[in-house]
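Rule-based calculations on the coordinates, nothing more; no lab input. From a predicted model like this one, the values you see are computed outputs, not experimental measurements. Cβ: placed from backbone, ideal geometry, glycine included. Neighbour counts: every protein chain shown.
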Amino acid sequence: MATLLERLAQTAYEAHRAALPAPALPWEDLTKNEQQAWKAAVSAVAGQAGGTIPEPPRGKSLVVQVGDERHTFRADFTVGRDGSLVIDDDFASGQHARFLTIRGLWYVEDLGSTNGTALNGRRIFSAQLLKKRDKITIGHTVVTVVSA
C-alpha cells in the first residue's frame, strides 16, 4: 500500500504529465530514482522530510486595534469601507485589504486598492507577514497588530 507521500508524489507527477505538450511516461514506468525525486519534491513543498504530512497548525486569532477599538479575528477578513472590518475613511476602497492566515501565520495583502496599503510606512505589493506592533495604513486609517 502506498504512503500518503507516495500518493501525493504520483498525483503531482500525473498533473505535471498532463500539462506537458508531448506524451510522458506513466508513473509506473519511471525509474525508482525518478519516483524518489518526485517524493522529495512533494516532501519539500510540504515542509516535511518524513512520510506523513501533518495538518496545518490551528491558526491563532489576530487582534488588531483601530483607534480606541480592538477587534479579534479567527479567520480571513477584509478591511475597507465595505469590509468585514469597516473603516470610515474616504481614502479607503470598499474592499481595500485582506488579512489572511496561512499555516497558522497572519498576512496582509492589498486588494488592488486605489491608494494602496502600507505596512510600517512602506507600500506593499504582495502578501506580507504580520507581527506584533505592525502598523498597516489603509487610506488614512492605521490598523495596529496587537497580537498575531
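Can you put TRP38, TRP106, TRP27 in order of Cβ neighbours within 10 angstrom, beginning with the fewest?
Starting with the residue having the fewest Cβ neighbours, the order is TRP27, TRP38, TRP106.
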_I need the calculated FRET efficiency for the pair GLU28 and LEU4, taking r as the beta carbon distance and R₀ as 22 Å, to the nearest 0.05._
0.75
*Helix-only [θ]222 nm of the chain, DSSP H runs n ≥ 4, -39500 (n - 2.57) each, per residue, nearest 500*: -6500 deg cm²/dmol
*Which of the lysines could be linked to LYS60 by a straight reach, that is with a Cα gap under 16 Å, when you skip same-chain ones fewer than 8 residues away?*
LYS131, LYS132
*Give me the Kirkwood hydrodynamic radius of the stretch 59-101, using the inverse of the mean 1/r over all pairs of distinct Cα atoms, in Å to one decimal.*
10.7 Å
*May I ask you to evaluate 6.51 cos²θ - 1.76 cosθ + 1.60, the Karplus curve with θ = phi - 60°, for each residue of the stretch 139-148 and list the ³J(HN,Hα) values in order in whole Hz, giving x for glycine and proline?*
x, 9, 9, 10, 10, 9, 7, 8, 8, 10
*So between ALA44 and LEU20, what do we pick up on full extension, going 0.36 nm a residue minus the alpha carbon distance?*
6.4 nm
*Of all the C-alpha pairs in the stretch 4-45, what % are more than 17 Å from each other?*
24 percent
*Around TRP27, with a cut-off of 10 angstrom between Cβ atoms, what is the net charge of the other residues, counting Lys and Arg +1 and Asp and Glu -1?*
-4
*asked:* Test of understanding: ordering ILE138, ILE87, ILE102, ILE124 by Cβ neighbours within 10 Å, fewest first, what list do you get?
replied: ILE102, ILE124, ILE87, ILE138
*Mind checking which of THR78, THR137, THR114 has the largest fluctuation in a GNM of the chain, springs on alpha carbons under 10 Å?*
THR114
*How long are the three semi-axes of the equivalent ellipsoid for the stretch 62-147, computed from the Cα gyration tensor as the root of 5 times each eigenvalue, in whole Å, largest first?*
17, 14, 12
*Please compute the Cα-Cα pair-distance distribution of the chain with 10 Å bins starting at 0, giving whole percents from short to long.*
11, 31, 18, 18, 17, 5, 0
